[in-house]
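Report on one structure; see the data block that follows.
The values are calculated or read from the model by the stated rules, or taken from the named source; none is laboratory data. All values reported here derive from a predicted model rather than from experimental measurement. Note: ideal-geometry Cβ built from the backbone for every residue, glycine included; neighbour counts use all protein chains shown. Keep in mind that these areas ignore ligands, DNA and RNA; they rest on the heavy atoms of the full protein, side chains included. Shrake-Rupley method; radii C 1.70, N 1.55, O 1.52, S 1.80 Å.
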Amino acid sequence: MGVNEMGWRLSAVAAATAMAATLFAPAAKAWEPTRTIEFIVPAGTGGGADQMARVIQGIVAKHGLMKQTMVVINKAGGAGGEGFLDIKGAKGNPHKLVITLSNLFTTPMATGIPFSWKDMTPVSMMALDEFVLWVNAESPYKTAKDYTDAIKAAEPGKFKMGGTGSKQEDQIITVAIDRVTGKKMTYVPYKGGGEVAVQLVGKHIDSTVNNPIEAVAQWRAGALRPLCVFDSKPLPVTDKIAGDKAWADIPTCKSAGLDIEYLMLRGIFMPAGVPKEATAYYVDLMKKVRDTPEWKQLMHDGAFNQTTMSGDEYAKWVENEEKRHRDLMKEAGFLASN
Amino acid sequence: MEGIADLLHGFGVVLSWTNFVYMLIGIMLGVIIGVLPGLGGANGIAILLPLTFSMPPTSAIILLSCIYWGALFGGAITSILFNIPGEPWSVATTFDGHPMAQKGQAGEALTAAFTSSFVGALFAVIVITLAAPLVAKFALQFGPAEKFSVFFLAFCSFVGMGKEPPSKTVAAMMLGFALAAVGTDTVTGGLRLTFGSTELLSGFDFLVAVIGLFGIGEILLTMEEGLSFKGKATGINPTVVWQTWKMLPRYWMTSLRSCVIGCWMGITPAGATPASFMSYGIAKRSSKDGEKFGTGEIEGVVAPETAAHAAGTSALLPMLALGVPGSPTAAVLLGGLLIWGLQPGPLLFVEQKDFVWGLIASMYLGNIVGLVIVLTMVPVFAAILRVPFAIVAPIILVICAIGAYTVHNNTFDVIMMLVFGVAGYFLKKCNYPLAPMVLAIVLGDKAEEAFRQSLLLSGGKVTVFWSSPLVSAIMALGLIALFWGGISKGLNRVFARRRAAPL
Amino acid sequence: MSDPSKAPGSPGPGQRIVEMGVALFILALGALAMIGSLRVGIGWGAEGPKSGFFPFWVGLIVVLASARNFWRAIAISPARLFAEWGQIAQVRKVVIPMAIYVALVPFFGIYVASALLIAGFMRWLGRYGWLLTLAVAILLPILIYVTFEDWFLVPLPKGPLEDWLGL
């Protein structure tokens, strides 16, 4: 408990100071990075987190937002544990950032790798990634209800859900669907979201819960069909993307009887024990990144949920999210035994 | 032939002086990246990617893809000269390339490697030009069972061919599989064989093992025999390129087969590394000089290099047409496309004609430019062997250490590299074959993953591996490859006995 | 069959003992793989094999093959040499500096350690003059620094010297 408490206090202090620093931005402007920033991606190349990190790197370089350069480093080992342990070990180093996905919560719970978000200083939430239920366009299911009815009617394990990784967000959603339908689906883990989408196009699996950006190309090509989105409200983007359909036309899963909501954090953290001015600097930097047209384009293309937070509010959100994941993982039986 | 017209249009887009300059810069950078084991094509592209955002996408992708070609060319250089594969797909090139250098034929080996790379890439680009949509459809057929069968085939066509005692081959190979299993189990998400060590989370990386077993191991063997490289006497011979070219047409069958293997493995996407191993294995079996493979046969350089380059090139197709990267480098390029607002996928070919055909045209030009550049450098590269061992050896050690470090940015890997190096020395002296071990480390977890995904999909029924014509055909090919080796060995033994009997 | 150029006495370690050692070492690794697999479960669940299934059987095969290799190693003539002592000493000349190098990297960074390794090698093994030795030993790490850190933005391990220089 002692460690937890200390970690919590640390991050709370950091978060509070970050908040204060943003309020008094000009005064706290003193800190600037003095060497190359390592931007850790706790996932492989080409995935959603990696892409976002590289976009941020590109935006920072293109707009000259920082005097020092930023380097993206992938540390995907141990379901991202490698990357998080690197941050945990870099206590007090203000030249390291990490972009997180849900494995921030799920990896320590599922594997017992010793780290938690409390070993890090929250910087800011960049966006939330949406999840959409997809089926092959040639399948007979037009709505989420068609699909869940079919699952209910079939024997357990007949329907196959493909997803990225094991005991992570995709499988959490799958288990949640299982609970609604009362029938177990077979979950097949793959390495990356793009691969999952193509496996669905090739009909090797029956459905996926790909993020919008992972499957949009196949949707536009008429190979996949979105059934519903796992959010409380429909997506905001109203441009016609596939024929006469827009992201905004996809109904929520809740309206289709699948009462499941899941959003994934795309957030920035840095090591614990860093000067509060440094955290303030990055909060400000990320804010500048979010104001660029390139970022807005990415948010638009990927139909992201553009909730952003920093400071106290963010730390609080992360804490709640961890609790929620613990419950979800517990219910799904994904917690590591040790 | 709509493709041809599109391609001509593409050449029109690409042919400008600025693009040509980008091409030159890209190739040069790529060769450097390929030579240094610490840098992969993915590094170079990832790092230059942000700089290219202010360029038009076509110019940017030319610059970046040329780095990719350069890296493919460059990987062969250190493999041949120092037995250190700069890139994973050049491991198979060391098998005959380095012995050639030791015999004083470094120039020939380099020329053969570069030329074969070019042939492989050219073949793959032609396939892309003519059959892109068709090929993309073929790639869609590959589910986990099909992928497993491809790995199975790659493995079968490579193993069981050495002169080493079978029990040693088996021990080395299975040890490779065990090493590959360390770390995260991708199917269950749990950890295994880490024994609580956080260092082992990410398992044993193939590159660390290879740099140690081959690179460091080789230096130790060289030290044992005195302070010099065996191929020291190589002279600088500017005509070596022409002389080698005169010999190469003899191996057209090997080249063609390697091209096909490479394209297939690149598209499916199994990748360039298995392609190079598989191609080497098949060439060794089907060549009449197969017995001499491993001692410095030029055909043993042609086969893996052709296949690796064909695979590396064709791996870009699934990326463009399906959005699935066939290699880490392709994955980073994919990220780049998204940043430029280009959505990879089936519609890219329809909506972004300029871009796609510009890229394809740059593949032709980039490879030609690359070939010219690297061939003119052959005498220079070969001359590196003339640097005294006491200077070059520590530099190689340092470069190996950097290579091992950069895999995961972890000094633990540098320690592992040394351990692998010492192990490689003992294993080699005790006649254990290293190649099957390395192949097992590369393919081990991928094959296991595909196997278990297949079983998840089939509900635990093994019959999934002969459930469709495609899977059955590939599995059957694999079994033939496996037993053909045994049969030919058996036949050899019968013949040998007959010959021995009268004495 | 065996090498005729053997000198009397003990000119070096025998092939027999080394092969036996290597076989035992691999056997131990195989056994380790089996133990590790047992921890995570080696069964065949309803949805295919568990985490430890493959490594377990792979480990078992390693153990069996190594046992056979050990058995074969026993049959090797005790007279056959693995290498001469002089050759072993040569190998040690690389392994020991390399081990020191690897140990230094985490503390002094790769640049300082590399400079020391190159200098040591050139000076004591190659017997080069101080001037050339220092030139190569200092210039090469700088070249590496420029290539990796400046050019390709790949951070390599650094130590107190780099901190002091503010790099």
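Residues checked against (1) assigned by TED's automatic domain parsing to the domain that holds A:P33; (2) within 19 Å of A:L65 (Cβ to Cβ):
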residue	(1), (2)
A:V229	no, no
A:P234	no, no
A:A246	no, no
A:I250	no, no
A:A280	yes, yes
A:R290	yes, yes
A:G311	yes, no
A:E321	yes, no
Kindly indicate whether C:S10 is of a type in the set (S, T, N, Q), open to solvent by 50 Å² or more (accessible area, probe 1.4 Å) and over 22 Å from the mean Cα position of the chain (by Cα). yes
Any pair with Cβ under 6 angstrom, 6 or more apart, that starts in the range C:70-86 at a residue that is within 11 Å of chain B (Cβ to nearest Cβ) and ends at one that is polar (S, T, N, Q): C:I76/C:Q15; C:F82/C:Q15
I'd like the full set of residues that are under 17 Å from the mean Cα position of the chain (by Cα) and under 17 Å from A:I260 (Cα atoms), limited to the range A:169-211. A:E169, A:D170, A:Q171, A:I172, A:I173, A:T174, A:T208, A:V209, A:N210, A:N211
Filter the range B:264-304 down to residues that are closer than 18 Å to B:S149 by Cβ and either open to solvent by less than 10 Å² (accessible area, probe 1.4 Å) or small (G, A, S) (or both), then give me how many there are. 11
Every residue in the range C:89-119 that is facing chain B (nearest Cβ under 8 Å), at pLDDT 90 or above and more than 17 Å from B:C400 (Cα to Cα), please. C:V91
List pairs: first residue in the range B:7-22 and touching a residue at least 12 places away in the same chain (Cβ under 8 Å), second residue open to solvent by 60 Å² or more (accessible area, probe 1.4 Å) anywhere in the structure, Cβ distance under 9 angstrom, at least six positions apart or on different chains. B:H9/B:K353; B:H9/B:D354; B:G10/B:K353; B:G10/B:D354; B:V13/B:D354; B:V14/B:F20
Residue under question is C:I26, and the condition is that it be of a type outside the set (S, T, N, Q), assigned to a helix (DSSP H, G or I), closer than 25 Å to B:P436 by Cβ and facing chain B (nearest Cβ under 7 Å); does it hold? yes
Going by the structure shown, is B:K246 closer than 22 Å to B:L153 by Cβ, away from chain A (no Cβ under 14 Å) and among the basic types (K, R)? no
Among (1) of a type outside the set (V, I, T); (2) assigned to a helix (DSSP H, G or I); (3) closer than 19 Å to B:I211 by Cβ, the one test that B:L49 misses: (3)
By residue number, the members of the range B:305-328 that are hydroxyl-bearing (S, T, Y) and either open to solvent by 10 Å² or more (accessible area, probe 1.4 Å) or at pLDDT 90 or above (or both) are B:T306, B:S327
Name every residue in the range B:76-93 that is closer than 21 Å to B:L371 by Cβ and either among the aromatic types (F, W, Y) or touching a Ser or Thr at 6+ places or on another chain (Cβ under 6 Å) (or both), in order of residue number. B:A76, B:S79, B:P85, B:G86, B:W89, B:S90, B:A92, B:T93
Leading residue by the ranking (surrounded by the fewest Cβ atoms within 10 Å (Cβ to Cβ)) among those in the range B:403-460 that are out of contact with any helix residue (DSSP H, G or I) (no Cβ under 6 Å at 6 or more places or on another chain), outside any helix (DSSP H, G or I) and touching a residue at least 60 places away in the same chain (Cβ under 8 Å): B:N431
Among residues of the range B:487-503, those that are at pLDDT 65 or above and open to solvent by less than 60 Å² (accessible area, probe 1.4 Å), counted: 3
Filtering the range A:147-159 down to residues that are away from chain B (no Cβ under 14 Å), out of contact with any Phe, Trp or Tyr (no Cβ under 6 Å at 6 or more places or on another chain) and either in contact (Cβ under 8 Å) with a residue 40 or more places away in the chain or surrounded by 15 or more Cβ atoms within 10 Å (Cβ to Cβ) (or both) yields A:T148, A:A150
Subset tally (residues that are at the interface with chain A (Cβ under 8 Å from one of its Cβ atoms) and open to solvent by 20 Å² or more (accessible area, probe 1.4 Å)) for the range B:188-204: 4
Any hit, the range A:47-55, residues being buried (at least 24 other Cβ atoms within 10 Å of the Cβ), in contact with a His (Cβ under 9 Å, 6 or more places away or on another chain) and not in a strand (DSSP E or B): no
For the range A:91-112, what are the residues that are aliphatic (A, V, I, L, M), open to solvent by 10 Å² or more (accessible area, probe 1.4 Å) and outside any helix (DSSP H, G or I)? A:L101
Verdict on B:I384 being under 17 Å from B:I219 (Cβ atoms), without any contact (Cβ under 8 Å) to a residue 40 or more places away in the chain, assigned to a helix (DSSP H, G or I) and β-branched (V, I, T): no
Just to confirm my filter: which helices (runs of 4 or more DSSP H) fall fully inside the range A:260-338 and include at least 2 residues that are within 14 Å of chain B (Cβ to nearest Cβ) and open to solvent by 10 Å² or more (accessible area, probe 1.4 Å)? A:293-301
Sort out which residues of the range B:156-208 are at pLDDT below 85 and among the aromatic types (F, W, Y), and write them in order of number. B:F158, B:F206
Just checking, which of A:K62, A:K75, A:K88 is within 11 Å of another protein chain (Cβ to nearest Cβ), open to solvent by less than 30 Å² (accessible area, probe 1.4 Å) and basic (K, R)? A:K75
Enumeration of residues in the range C:38-69 that are more than 7 Å from chain B (Cβ to nearest Cβ) and either within 26 Å of A:P189 (Cα to Cα) or touching an Asp or Glu at 6+ places or on another chain (Cβ under 9 Å) (or both): C:L38, C:R39, C:G41, C:I42, C:G43, C:W44, C:G45, C:K50, C:F53, C:F56, C:W57
Would it be correct to say that B:S90 is open to solvent by less than 10 Å² (accessible area, probe 1.4 Å), among the hydroxyl-bearing types (S, T, Y) and under 23 Å from B:L322 (Cα atoms)? no
Looking at the range A:152-176, which of its residues are more than 14 Å from A:T208 (Cβ to Cβ) and out of contact with any helix residue (DSSP H, G or I) (no Cβ under 6 Å at 6 or more places or on another chain)? A:A153, A:A154, A:E155, A:P156, A:G157, A:K158, A:S166, A:A176
State whether one or more residues within the range C:127-148 are at the interface with another protein chain (Cβ under 7 Å from one of its Cβ atoms), touching a strand residue (DSSP E or B) at 6+ places or on another chain (Cβ under 7 Å) and either surrounded by 15 or more Cβ atoms within 10 Å (Cβ to Cβ) or in a helix (DSSP H, G or I) (or both). no
Give the number of residues within the range A:171-196 that are within 11 Å of chain B (Cβ to nearest Cβ), crowded, with 24+ Cβ neighbours inside 10 Å and in a helix (DSSP H, G or I). 4
